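Every number in this text was worked out from the coordinates using simple rules, so none of it is lab data. None of these values were measured; they are calculated from a predicted model. Here Cβ is always computed from backbone atoms with ideal geometry, including for glycine, and neighbour counts include all displayed protein chains.
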Amino acid sequence: MTGNMRLKEEGEEEEGASPIIYGDVLELILSYVPLVDLAHACLVSDTWKHAVSSSLFHLNKLRPWLVVHSQTTRSPYLTTTHAYDPRSRLWLHVDKPPLRHVSPLRSSHSSLLYMLSPSKFSFSRDPLHLTWHHAQPPLVWRMDPIVAAIGPRIIIAGGSCDFEDDPLAVEIYDVESRSWDSCQSMPANLKDSAAATWLSIAVNGRRMFVTEKTTGETYSFDPATKIWNGPYELRPDPAVFFSAIGFAGDRMILVGLIGDAENVKNVKLWKVDEETMECEKVGEMPQLLLEKLKNGNSNLASIGVTMQGDFIYIHNTSESGALLCCEFKIHDEIEWSIIENVIIISDQTRMGRLVFTCSDVGIHDVHKALSSDNRRFSVQSVE
Amino acid sequence: MASRKLKLKCMDGVTMEVEEMVALEWLTIKQSREDNDDDSDVVIPISITSEILLKVIEYSKKHLDTTSNSDHQNADSNLKAWDAEFVNVDVNTLYHLIMAANYLNIPCLLDLTCRRVADMITGKKVEEVRKTFNIISDYTPEEEEEMRQQYPWGFE
């Protein structure tokens, strides 16, 4: 917030009365107000409503939230939800009514959250997970499948554990007709790694890309044609021993750990061309942040990655240590930062598992959450 | 050691002398001096009242003193406490401080004052905000009622 903005003169004020703050001063002040409070600010008056809009557009724009769902590992699977808003650099506790029929929460990409049990398949895609869709489970029982939401379809692949089932089975759920359909199985090469533990996925509006985390062997799947394509080798650097993929906006990004688990030397980012599958390096994690990611432990076997818009959030899957974020700025330059005050989350991990989602939350979403779902957002101050 | 003083003519007609070291913290003044070849006899006109300028001088002096005499252990937290007290003033004064900080281009003061006012908005319901900032709603009674129905959490 620097720069010598020309603030317009505010006009005469009455003797003894507070000045009516509007125009540029108001917009500047609003850029410091957290999104959850802007939800109230825009109801103050029509002038303030426009000032909020303008401030969000010109001064301090919306940025995707990282939502951390912490869930106990046994029934009734109590869930606590926290969200990090990078626009204001603060953590919120999301107080919400508990979900009915809860089972373990999972996410494979961006804002998708789902639960799979023998009797039900439930999923939610909206930014604050206000709406849940409940469906019959897929035909094949799966413990650890990859799940992707593409347009009106949800794809479930792999993760089967029953000896009789095809480990590569793929089923597609059509949200509109509420029906399941089977289709071409996953490529045979993935037979021994056909589960979310081994596979990382990147999803855009048309296709899903699946990459084997340790080898970089990659396939794509188009739910419209139900055809798998590949293999492609996504290994831009032979020293990469672990990789994860995702879509940050239109960009397909590959995040790679370089070295080996006992001695990770770097973490690099590549942009992948969807058509040619060629990689172009776009960034590298600063060494200082890599140390924070390792959190004093020399071993870093894998990382969790979640992306939305211009943001990529990275966490250490084995410890509740550092949470890092990188943002694509102008000309796709990457700005790295560490997310402070993660102790809120650390406390939660002692209770259970953490699931990360990332969503574009706007004022409308906050309004909906406050109105229809009886949510309350409270800013967490750790000091 | 005598330090050079700059002459600043305030909006209310008062001409104030400010230590050069302090005034050069203000990027607008710094730029103006560079443009005028550091001519120390020039009286610089500024769109700020003398009352507000005094407060800005107080702020800059404190921050300058703290930077040069930092006993690292306590300096930071003491300064933070001092800053908090400095902006513990009415909205009217804060408003003028924001305008002054912007005009003189003092990023840290602008940040401090804006945050303070932002804090007066966070956590408040709609009516409270209106009261704090002396805002009269520009909605019609019907629109107001509709809003209360649609967003009860903002008004309860």
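The table below lists the values:
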item	result
J(HN,Hα) series, the range A:162-170, from Karplus relation 6.51 cos²θ - 1.76 cosθ + 1.60, nearest Hz, glycine and proline x	6, 3, 7, 7, 6, x, 9, 4, 10
CD proxy at 222 nm, helix term only [per DSSP H run n ≥ 4: -39500 (n - 2.57); per residue of chain A; nearest 500]	-4000 deg cm²/dmol
Long-range amide H partners of A:Val264 with built H, under 5 Å	A:Leu300
Gaussian network model of chain B, Cα within-10 Å springs - most flexible of B:Pro45, B:Pro141, B:Pro107	B:Pro141
Amide H within-cut-off set for B:Lys5, under 5 Å, with H built and near neighbours excluded	B:Glu20
Integer Hz, Karplus 6.51/-1.76/1.60 couplings in order for the range A:97-112, x for Gly and Pro	x, x, 6, 7, 6, 8, 9, x, 7, 9, 8, 10, 6, 5, 9, 5
Inter-chain shielding of B:116-126 (mean C-beta neighbours from other protein chains, 10 Å cut-off)	6
Charged-residue dipole, Cβ positions (Lys, Arg, Asp, Glu), the range A:14-76 about Cα centre, Debye nearest 20	620 debye
Tilt relative to chain B, helix B:141-150 - C-alpha long axis, 0 to 90 degrees, to 10	80 degrees
Between helix A:46-58 and chain A: long-axis angle, C-alpha atoms, 0 to 90°, nearest 10	50 degrees
Cα centre as origin, Lys/Arg/Asp/Glu Cβ charges: chain A dipole, Debye	1000 debye
Label-zone membership for the range A:257-279, site A:Gln287, 7 angstrom Cα→C-beta point, backbone N under 15 Å	A:264-267
Separation in nanometres of the label points that stand 7 Å from Cα toward Cβ, at A:Lys226 and B:Thr140	5.6 nm
Compactness of the range A:55-102, expressed as Rg and Dmax over alpha-carbon positions, Å	14.5, 46
About the Cα centre, charge dipole magnitude for the range A:98-244 (Lys/Arg +1, Asp/Glu -1 at Cβ), debye	480 debye
Dipole of the protein assembly as shown [Lys/Arg +1, Asp/Glu -1 at C-beta], most positive-end residue of B:Ser32, A:Leu113, B:Thr93	A:Leu113
Value of relative contact order over chain A, rounded to a whole percent, pairs C-alpha under 8 Å and six or more apart	16 percent
Efficiency of FRET between A:Cys183 and B:Met147 - r from beta-carbon atoms, R0 35 angstrom, step 0.05	0.10
Rounded to 5, percent antiparallel among DSSP beta bridges of the protein assembly as shown	95 percent
Nonlocal amide H pairs with A:Ile150, under 5 Å, H built at 1.01 Å	A:Ile155
Relative packing of peptides A:271-277, A:196-202, B:18-24, A:175-181 - highest average C-beta neighbours within 10 Å first	A:196-202, B:18-24, A:271-277, A:175-181
Whichever aspartates and glutamates have a C-alpha closer than 19 Å to that of B:Lys61, once near sequence neighbours (fewer than 8 apart) are set aside	B:Glu17, B:Glu19, B:Glu20, B:Glu25, B:Glu51, B:Asp71, B:Asp76, B:Asp83, B:Glu85, B:Asp111
Shielding score for A:25-34, defined as the mean number of other chain Cβ atoms within 10 Å	6
Cross-link pairs beyond the 29 Å C-alpha cut-off, checked among A:Lys271/A:Lys294; A:Lys368/B:Lys131; A:Lys213/A:Lys368; B:Lys30/B:Lys131; A:Lys61/A:Lys271	A:Lys213/A:Lys368; B:Lys30/B:Lys131
Förster radius 56 Å - calculated FRET efficiency between A:Ala239 and B:Lys131 (Cβ-Cβ, nearest 0.05)	0.35
Rounded Å value of the spacing that divides the Cα centres of the range A:221-261 and the range A:82-132	25 Å
For chain A, built as a Gaussian network whose Cα springs stay under 10 Å, the top-fluctuating residue of A:Leu59, A:Leu90, A:Leu254	A:Leu59
In Hz, Karplus ³J(HN,Hα) per residue of the range B:93-103 (6.51, -1.76, 1.60; θ = phi - 60°; x = Gly, Pro)	5, 4, 4, 5, 5, 5, 4, 5, 4, 6, 4
Number of partner chain Cβ atoms within 10 Å, mean per residue of B:84-94	1
